[in-house]
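Okay, so here's the structure we're looking at.
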Amino acid sequence: KEMSSFAHLAIGSEILIGQTLNTSSQWLSQRCEAIGLSARMHIAIADNREAILQAIDFVKQYSDVMITTGGLGPTSDDFTRMVVAEACHTELFWSEQAWEHLTQYLKKRSMPIRENHKRECYFPKDAQLFFNSLGTACGFAFWSSQKLWLCLPGPPRELQAMWDKQIQPYLLKHIPQLELIETWSAYVLGMPESAVAELLEPSLKACPFEIGYRIFLPYIEVKLRYPISQKMDAQFWIQIIQNQLKSITYFNHPNDLLEQLHRKILQIWPNTQQIWILSPQKIAELAMRFQHQSPFYFLPIQQSSLIPDPHTLCIEWHFTENVNQAHIQLFQENRIVAQFKVETILNPNYSFERRAKDLIERGLLAMIHFRE
(Lines give C-alpha, C1' and ligand atoms only; values in the text may rest on other atoms or scores of the structure.)
Protein backbone atom coordinates (compact mmCIF):
# COMPACT_ATOMS: atom_id res chain seq x y z
CA LYS A 1 0.00 0.00 0.00
CA GLU A 2 1.39 3.40 -0.99
CA MET A 3 2.02 5.73 1.93
CA SER A 4 2.73 9.28 0.87
CA SER A 5 1.19 11.57 3.49
CA PHE A 6 1.32 12.16 7.22
CA ALA A 7 -0.64 13.93 9.93
CA HIS A 8 1.06 15.76 12.78
CA LEU A 9 -0.56 15.91 16.21
CA ALA A 10 1.15 18.57 18.32
CA ILE A 11 0.14 17.67 21.87
CA GLY A 12 0.43 20.21 24.67
CA SER A 13 -1.88 22.71 26.34
CA GLU A 14 0.95 25.25 26.27
CA ILE A 15 0.58 25.39 22.48
CA LEU A 16 -3.16 26.05 22.55
CA ILE A 17 -2.95 28.85 25.10
CA GLY A 18 -0.21 30.58 23.13
CA GLN A 19 2.53 30.01 25.66
CA THR A 20 4.62 27.97 23.22
CA LEU A 21 4.92 28.46 19.47
CA ASN A 22 4.36 25.27 17.49
CA THR A 23 7.45 25.26 15.27
CA SER A 24 7.60 21.48 14.98
CA SER A 25 4.80 21.27 12.40
CA GLN A 26 6.74 23.47 10.00
CA TRP A 27 10.03 21.69 10.67
CA LEU A 28 8.55 18.21 10.27
CA SER A 29 6.82 19.20 7.03
CA GLN A 30 10.08 20.46 5.59
CA ARG A 31 11.93 17.27 6.51
CA CYS A 32 9.17 14.93 5.42
CA GLU A 33 8.65 16.74 2.10
CA ALA A 34 12.34 16.21 1.42
CA ILE A 35 11.77 12.44 1.34
CA GLY A 36 8.43 12.50 -0.48
CA LEU A 37 6.12 12.34 2.55
CA SER A 38 3.65 15.22 2.33
CA ALA A 39 1.71 16.76 5.19
CA ARG A 40 -2.04 16.03 5.07
CA MET A 41 -2.88 17.98 8.22
CA HIS A 42 -1.50 19.60 11.37
CA ILE A 43 -3.58 19.52 14.55
CA ALA A 44 -2.72 21.03 17.94
CA ILE A 45 -4.35 19.33 20.94
CA ALA A 46 -4.51 20.08 24.65
CA ASP A 47 -3.27 17.63 27.28
CA ASN A 48 -6.69 16.00 27.41
CA ARG A 49 -7.19 12.27 26.91
CA GLU A 50 -10.59 12.56 25.24
CA ALA A 51 -9.41 15.31 22.88
CA ILE A 52 -6.35 13.28 21.87
CA LEU A 53 -8.47 10.16 21.23
CA GLN A 54 -10.89 12.19 19.09
CA ALA A 55 -8.00 13.65 17.09
CA ILE A 56 -6.49 10.20 16.56
CA ASP A 57 -9.79 8.79 15.33
CA PHE A 58 -10.07 11.68 12.89
CA VAL A 59 -6.57 11.62 11.39
CA LYS A 60 -6.52 7.84 10.98
CA GLN A 61 -9.21 8.23 8.32
CA TYR A 62 -7.01 10.35 6.08
CA SER A 63 -3.36 9.49 6.73
CA ASP A 64 -1.23 6.39 6.94
CA VAL A 65 1.61 7.94 8.92
CA MET A 66 0.79 9.66 12.21
CA ILE A 67 3.42 11.75 13.98
CA THR A 68 2.82 12.94 17.52
CA THR A 69 5.03 15.35 19.41
CA GLY A 70 4.80 15.99 23.14
CA GLY A 71 3.47 14.14 26.15
CA LEU A 72 6.29 11.60 26.53
CA GLY A 73 7.76 12.97 29.77
CA PRO A 74 7.52 11.81 33.41
CA THR A 75 4.68 14.00 34.72
CA SER A 76 0.98 13.29 35.16
CA ASP A 77 0.02 15.28 32.03
CA ASP A 78 2.41 13.23 29.86
CA PHE A 79 0.15 10.44 28.68
CA THR A 80 0.59 10.40 24.88
CA ARG A 81 2.00 6.86 24.86
CA MET A 82 -0.94 5.58 26.93
CA VAL A 83 -3.60 7.21 24.75
CA VAL A 84 -1.98 6.12 21.49
CA ALA A 85 -1.73 2.55 22.78
CA GLU A 86 -5.40 2.65 23.79
CA ALA A 87 -6.43 3.96 20.36
CA CYS A 88 -4.41 1.22 18.64
CA HIS A 89 -5.70 -1.53 20.99
CA THR A 90 -2.19 -2.48 22.08
CA GLU A 91 -0.41 -2.85 25.39
CA LEU A 92 2.71 -1.11 26.67
CA PHE A 93 5.81 -3.05 27.73
CA TRP A 94 8.79 -2.12 29.87
CA SER A 95 12.05 -1.38 28.03
CA GLU A 96 15.26 -2.00 29.93
CA GLN A 97 17.15 -0.27 27.10
CA ALA A 98 15.18 2.92 27.59
CA TRP A 99 15.68 2.77 31.37
CA GLU A 100 19.43 2.35 30.96
CA HIS A 101 19.55 5.31 28.57
CA LEU A 102 17.52 7.45 30.96
CA THR A 103 19.54 6.63 34.06
CA GLN A 104 22.86 7.17 32.29
CA TYR A 105 21.64 10.50 30.94
CA LEU A 106 20.66 11.71 34.43
CA LYS A 107 23.78 10.38 36.17
CA LYS A 108 26.10 12.18 33.73
CA ARG A 109 24.37 15.42 34.66
CA SER A 110 24.27 14.66 38.41
CA MET A 111 20.47 14.78 38.34
CA PRO A 112 18.27 12.64 40.61
CA ILE A 113 16.48 9.58 39.24
CA ARG A 114 12.88 9.66 40.39
CA GLU A 115 10.18 7.00 40.46
CA ASN A 116 8.04 8.85 37.94
CA HIS A 117 10.82 8.62 35.33
CA LYS A 118 9.82 4.99 34.88
CA ARG A 119 6.69 5.99 32.96
CA GLU A 120 9.01 7.14 30.16
CA CYS A 121 10.22 3.56 29.60
CA TYR A 122 7.03 1.84 28.39
CA PHE A 123 6.43 1.25 24.69
CA PRO A 124 4.20 -0.80 22.37
CA LYS A 125 5.49 -4.27 21.59
CA ASP A 126 8.19 -4.38 18.89
CA ALA A 127 8.46 -0.58 18.85
CA GLN A 128 11.61 0.93 17.35
CA LEU A 129 13.20 3.29 19.87
CA PHE A 130 14.82 6.59 18.88
CA PHE A 131 17.30 7.49 21.60
CA ASN A 132 17.28 11.07 22.80
CA SER A 133 20.72 12.67 23.12
CA LEU A 134 19.26 15.86 24.60
CA GLY A 135 16.65 14.50 27.02
CA THR A 136 15.30 11.50 28.89
CA ALA A 137 12.28 10.61 26.73
CA CYS A 138 12.95 8.28 23.80
CA GLY A 139 10.89 8.63 20.68
CA PHE A 140 9.47 5.48 19.12
CA ALA A 141 7.83 4.04 16.02
CA PHE A 142 5.40 1.13 15.72
CA TRP A 143 2.91 -0.27 13.26
CA SER A 144 -0.78 -0.86 13.93
CA SER A 145 -3.37 -1.93 11.35
CA GLN A 146 -1.00 -1.06 8.48
CA LYS A 147 -0.50 2.43 9.82
CA LEU A 148 2.78 3.83 11.10
CA TRP A 149 2.99 5.78 14.35
CA LEU A 150 5.91 8.02 15.22
CA CYS A 151 5.73 9.35 18.78
CA LEU A 152 8.39 11.98 19.38
CA PRO A 153 9.41 14.32 22.22
CA GLY A 154 7.83 17.74 22.34
CA PRO A 155 10.93 20.00 22.63
CA PRO A 156 11.90 20.78 19.01
CA ARG A 157 15.62 20.46 19.56
CA GLU A 158 15.18 16.93 20.94
CA LEU A 159 13.22 15.54 18.00
CA GLN A 160 15.47 17.39 15.55
CA ALA A 161 18.57 15.83 17.09
CA MET A 162 17.28 12.30 16.44
CA TRP A 163 15.94 12.92 12.92
CA ASP A 164 18.89 12.53 10.52
CA LYS A 165 20.54 9.45 12.04
CA GLN A 166 17.48 7.63 13.39
CA ILE A 167 14.06 8.70 12.17
CA GLN A 168 14.69 9.51 8.51
CA PRO A 169 16.62 6.25 7.85
CA TYR A 170 13.78 4.34 9.54
CA LEU A 171 11.19 5.96 7.27
CA LEU A 172 13.19 5.36 4.09
CA LYS A 173 13.75 1.72 5.05
CA HIS A 174 10.19 0.86 6.08
CA ILE A 175 8.26 2.85 3.46
CA PRO A 176 9.95 1.67 0.24
CA GLN A 177 8.21 4.12 -2.08
CA LEU A 178 9.66 7.11 -0.23
CA GLU A 179 12.55 8.77 -1.98
CA LEU A 180 14.67 11.84 -1.43
CA ILE A 181 13.23 14.86 -3.21
CA GLU A 182 15.28 17.64 -4.79
CA THR A 183 14.06 21.16 -5.42
CA TRP A 184 15.51 23.33 -8.17
CA SER A 185 14.79 27.03 -7.76
CA ALA A 186 15.06 30.18 -9.81
CA TYR A 187 14.62 33.60 -8.20
CA VAL A 188 13.12 36.35 -10.34
CA LEU A 189 13.53 40.01 -9.49
CA GLY A 190 11.40 42.83 -10.85
CA MET A 191 8.28 40.88 -11.93
CA PRO A 192 5.05 40.06 -10.04
CA GLU A 193 4.12 36.44 -9.37
CA SER A 194 1.27 36.47 -11.92
CA ALA A 195 3.58 37.69 -14.69
CA VAL A 196 6.18 35.01 -13.95
CA ALA A 197 3.51 32.29 -14.06
CA GLU A 198 2.07 33.68 -17.29
CA LEU A 199 5.52 33.57 -18.86
CA LEU A 200 6.32 29.99 -17.84
CA GLU A 201 3.13 27.95 -17.70
CA PRO A 202 2.33 27.63 -21.44
CA SER A 203 5.62 25.74 -21.85
CA LEU A 204 5.14 23.54 -18.78
CA LYS A 205 1.70 22.04 -19.38
CA ALA A 206 3.13 18.55 -19.94
CA CYS A 207 5.65 18.71 -17.10
CA PRO A 208 5.18 15.64 -14.84
CA PHE A 209 6.85 17.32 -11.85
CA GLU A 210 5.48 19.73 -9.30
CA ILE A 211 5.82 23.40 -10.27
CA GLY A 212 5.38 26.03 -7.56
CA TYR A 213 5.71 29.76 -7.01
CA ARG A 214 6.52 31.59 -3.79
CA ILE A 215 6.66 35.27 -2.95
CA PHE A 216 9.99 35.70 -1.20
CA LEU A 217 10.30 39.48 -1.13
CA PRO A 218 11.82 41.07 -3.07
CA TYR A 219 11.88 37.98 -5.30
CA ILE A 220 9.52 35.45 -6.84
CA GLU A 221 10.81 31.91 -6.38
CA VAL A 222 9.99 29.37 -9.11
CA LYS A 223 10.32 25.79 -7.82
CA LEU A 224 10.55 22.47 -9.61
CA ARG A 225 10.41 19.44 -7.28
CA TYR A 226 11.35 15.96 -8.44
CA PRO A 227 12.43 12.56 -7.04
CA ILE A 228 16.19 12.24 -7.05
CA SER A 229 15.96 9.12 -9.27
CA GLN A 230 14.35 11.28 -12.00
CA LYS A 231 16.95 14.01 -11.94
CA MET A 232 17.95 13.47 -15.56
CA ASP A 233 14.34 13.80 -16.72
CA ALA A 234 13.93 16.94 -14.61
CA GLN A 235 16.89 18.58 -16.35
CA PHE A 236 14.85 18.76 -19.55
CA TRP A 237 12.18 20.88 -17.82
CA ILE A 238 14.75 22.95 -15.95
CA GLN A 239 16.27 23.88 -19.32
CA ILE A 240 12.85 24.96 -20.59
CA ILE A 241 12.36 27.20 -17.56
CA GLN A 242 15.82 28.70 -17.98
CA ASN A 243 15.18 29.39 -21.66
CA GLN A 244 11.95 31.20 -20.80
CA LEU A 245 13.62 33.25 -18.07
CA LYS A 246 16.78 34.22 -19.95
CA SER A 247 15.23 37.47 -21.15
CA ILE A 248 14.70 38.69 -17.56
CA THR A 249 16.78 38.90 -14.39
CA TYR A 250 16.84 35.60 -12.51
CA PHE A 251 19.33 33.65 -10.45
CA ASN A 252 19.51 30.31 -8.63
CA HIS A 253 20.12 31.57 -5.09
CA PRO A 254 19.37 34.91 -3.41
CA ASN A 255 23.07 35.32 -2.59
CA ASP A 256 23.92 35.12 -6.30
CA LEU A 257 22.04 38.27 -7.23
CA LEU A 258 24.66 40.90 -6.50
CA GLU A 259 27.35 38.91 -8.28
CA GLN A 260 25.13 38.54 -11.32
CA LEU A 261 24.20 42.22 -11.32
CA HIS A 262 27.88 43.12 -11.03
CA ARG A 263 28.73 41.01 -14.09
CA LYS A 264 26.07 42.81 -16.10
CA ILE A 265 27.28 46.19 -14.92
CA LEU A 266 30.80 45.32 -16.09
CA GLN A 267 29.38 44.44 -19.49
CA ILE A 268 27.73 47.87 -19.70
CA TRP A 269 30.56 49.89 -18.07
CA PRO A 270 33.64 47.72 -18.76
CA ASN A 271 36.09 50.17 -17.20
CA THR A 272 34.41 49.99 -13.81
CA GLN A 273 36.76 48.75 -11.11
CA GLN A 274 34.72 49.44 -7.99
CA ILE A 275 31.17 50.24 -7.00
CA TRP A 276 30.82 52.75 -4.16
CA ILE A 277 27.55 53.19 -2.32
CA LEU A 278 27.22 56.49 -0.49
CA SER A 279 24.81 56.33 2.42
CA PRO A 280 23.80 58.95 4.98
CA GLN A 281 23.53 56.46 7.85
CA LYS A 282 24.56 53.09 9.34
CA ILE A 283 27.61 52.60 7.15
CA ALA A 284 29.11 49.91 9.41
CA GLU A 285 25.88 47.87 9.44
CA LEU A 286 25.57 48.00 5.66
CA ALA A 287 29.21 47.10 5.15
CA MET A 288 28.75 44.09 7.43
CA ARG A 289 25.71 42.98 5.42
CA PHE A 290 27.72 43.14 2.19
CA GLN A 291 31.02 41.95 3.63
CA HIS A 292 31.28 39.01 1.21
CA GLN A 293 29.92 40.89 -1.78
CA SER A 294 33.04 42.52 -3.24
CA PRO A 295 33.48 44.92 -5.09
CA PHE A 296 30.87 46.93 -3.14
CA TYR A 297 32.17 49.60 -0.81
CA PHE A 298 30.38 52.02 1.53
CA LEU A 299 31.13 55.58 2.44
CA PRO A 300 29.25 58.37 4.22
CA ILE A 301 27.80 60.84 1.75
CA GLN A 302 29.72 63.73 3.32
CA GLN A 303 32.98 61.94 2.46
CA SER A 304 32.22 61.47 -1.23
CA SER A 305 35.38 63.40 -2.13
CA LEU A 306 37.34 60.33 -1.03
CA ILE A 307 36.15 58.25 -4.00
CA PRO A 308 39.49 56.98 -5.28
CA ASP A 309 39.50 57.14 -9.09
CA PRO A 310 37.36 57.96 -12.13
CA HIS A 311 36.79 54.26 -12.93
CA THR A 312 34.31 53.98 -10.09
CA LEU A 313 30.58 53.56 -10.31
CA CYS A 314 29.05 55.54 -7.49
CA ILE A 315 25.50 55.36 -6.15
CA GLU A 316 24.41 58.18 -3.89
CA TRP A 317 22.03 56.46 -1.54
CA HIS A 318 19.28 58.33 0.31
CA PHE A 319 17.41 55.78 2.39
CA THR A 320 14.36 56.69 4.45
CA GLU A 321 13.57 53.83 6.80
CA ASN A 322 9.86 54.54 7.18
CA VAL A 323 9.19 55.31 3.53
CA ASN A 324 11.34 52.50 2.10
CA GLN A 325 12.52 54.34 -0.97
CA ALA A 326 15.81 55.52 -2.38
CA HIS A 327 16.94 58.23 -4.77
CA ILE A 328 19.94 57.14 -6.79
CA GLN A 329 22.36 59.22 -8.78
CA LEU A 330 24.85 57.34 -10.88
CA PHE A 331 28.19 59.12 -11.20
CA GLN A 332 31.09 58.24 -13.43
CA GLU A 333 34.14 60.41 -13.99
CA ASN A 334 32.58 63.13 -11.84
CA ARG A 335 29.43 63.56 -13.87
CA ILE A 336 25.88 62.27 -13.45
CA VAL A 337 25.13 59.43 -15.85
CA ALA A 338 21.61 58.63 -14.67
CA GLN A 339 19.10 59.24 -11.87
CA PHE A 340 16.56 56.83 -10.41
CA LYS A 341 13.91 56.62 -7.75
CA VAL A 342 13.45 53.11 -6.34
CA GLU A 343 10.61 51.96 -4.08
CA THR A 344 9.77 48.62 -2.53
CA ILE A 345 7.02 47.04 -0.48
CA LEU A 346 8.58 45.30 2.50
CA ASN A 347 7.59 44.37 6.01
CA PRO A 348 8.51 47.39 8.18
CA ASN A 349 9.74 44.95 10.84
CA TYR A 350 12.61 43.90 8.58
CA SER A 351 15.99 45.18 9.66
CA PHE A 352 17.44 48.35 8.17
CA GLU A 353 20.19 46.28 6.55
CA ARG A 354 17.80 43.87 4.85
CA ARG A 355 15.59 46.64 3.53
CA ALA A 356 18.56 48.61 2.30
CA LYS A 357 20.01 45.52 0.59
CA ASP A 358 16.75 45.05 -1.27
CA LEU A 359 16.75 48.66 -2.45
CA ILE A 360 20.39 48.47 -3.52
CA GLU A 361 19.67 45.35 -5.58
CA ARG A 362 16.69 47.04 -7.22
CA GLY A 363 18.76 50.14 -7.88
CA LEU A 364 21.47 48.13 -9.63
CA LEU A 365 18.82 46.38 -11.69
CA ALA A 366 17.30 49.74 -12.63
CA MET A 367 20.73 50.91 -13.80
CA ILE A 368 21.06 47.88 -16.02
CA HIS A 369 17.58 48.29 -17.49
CA PHE A 370 18.36 51.98 -18.13
CA ARG A 371 21.22 51.02 -20.46
CA GLU A 372 19.54 47.98 -22.00
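The values are calculated or read from the model by the stated rules, or taken from the named source; none is laboratory data. Because the structure is predicted, anything quoted here is derived from the model rather than measured. With ideal geometry, Cβ positions are generated from the backbone for all residues, glycine too; neighbour counts draw on all protein chains shown. Areas reflect the complete protein model, heavy atoms only, side chains present, ligands, DNA and RNA absent. Shrake-Rupley method; radii C 1.70, N 1.55, O 1.52, S 1.80 Å.
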Within 10 Å, count the other beta carbons around each residue, average over each peptide in 90-98, 182-190, 132-140, 204-212, and list them highest first. 132-140, 182-190, 90-98, 204-212
Cα-based radius of gyration of the stretch 2-142 once divided by 2.2 N^0.38 Å, which approximates compact folds: 1.07
Which lysines have a Cα lying under 26 Å from the Cα of Lys173, excluding residues fewer than 8 positions away in the same chain? Lys1, Lys60, Lys125, Lys147, Lys165, Lys231
Computed ³J(HN,Hα) along the stretch 77-85: with the Karplus parameters 6.51/-1.76/1.60, θ = phi - 60°, integer Hz and x for glycine or proline, the list is 8, 9, 10, 4, 4, 5, 5, 5, 4
Ser279's amide H: which non-local residues (gap 5+, or another chain) put their own amide H closer than 5 Å, with H modeled 1.01 Å from N in plane and none for Pro or chain starts? Leu299, Ile301, Trp317
Mind listing the phi-derived Karplus ³J(HN,Hα) values for the stretch 264-269, rounded to whole Hz, using 6.51, -1.76 and 1.60 with θ = phi - 60°, and x for any glycine or proline? 5, 4, 5, 5, 7, 10
Considering only the other residues whose Cβ falls under 15 Å of the Cβ of Gln239, what net charge follows from Lys and Arg at +1 and Asp and Glu at -1? +1
Spelling it out for Val337: with amide H atoms placed in the peptide plane at 1.01 Å from N, the residues 5 or more places away or on another chain with amide H under 5 Å from its amide H are Leu330, Phe331, Gln332
Quick one: which residues, 5 or more positions from Glu182 or on another chain, have an amide H under 5 Å from its amide H? H modelled 1.01 Å from N in the peptide plane, none for Pro or chain starts. Tyr226, Ile228
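What is the sum of charges around Gln325, taking Lys and Arg as +1, Asp and Glu as -1, for the other residues whose C-beta is under 9 Å from the C-beta of Gln325?
Numbers: positive: Lys341; negative: Glu343.
Surrounding charge for Gln325 is 0.
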Among 121-130, 359-368, 239-248, the order from most to least packed when residues are scored by Cβ within 10 Å on average: 359-368, 121-130, 239-248
Which ³J(HN,Hα) values, rounded to whole Hz and listed in residue order, are derived for the stretch 232-242 from phi using the Karplus coefficients 6.51, -1.76 and 1.60 in 6.51 cos²θ - 1.76 cosθ + 1.60 with θ = phi - 60°, glycine and proline given as x? 5, 5, 5, 4, 4, 6, 4, 5, 4, 4, 4
Give the peptides 102-111, 261-270, 72-81 in descending order of average Cβ contacts within 10 Å, highest first. 72-81, 261-270, 102-111
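Which number do you get for Rg(Cα) / (2.2 N^0.38 Å) in the stretch 101-191? Don't skip to the end; give the middle numbers.
Values: Rg = 18.0 Å, N = 91, 2.2 N^0.38 = 12.2 Å.
After normalising by residue count via 2.2 N^0.38 Å, the value is 1.47.
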So, counting K/R as plus one and D/E as minus one, what does the shell of residues with Cβ under 13 Å around Ala98 add up to? 0
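Students sometimes get this wrong: rank Asp64, Asp57 by accessible area, probe 1.4 Å, all chains present, largest first. Intermediate values should be presented prior to the final figure.
Details: Asp64 25, Asp57 85 Å².
Largest to smallest exposure gives the sequence Asp57, Asp64.
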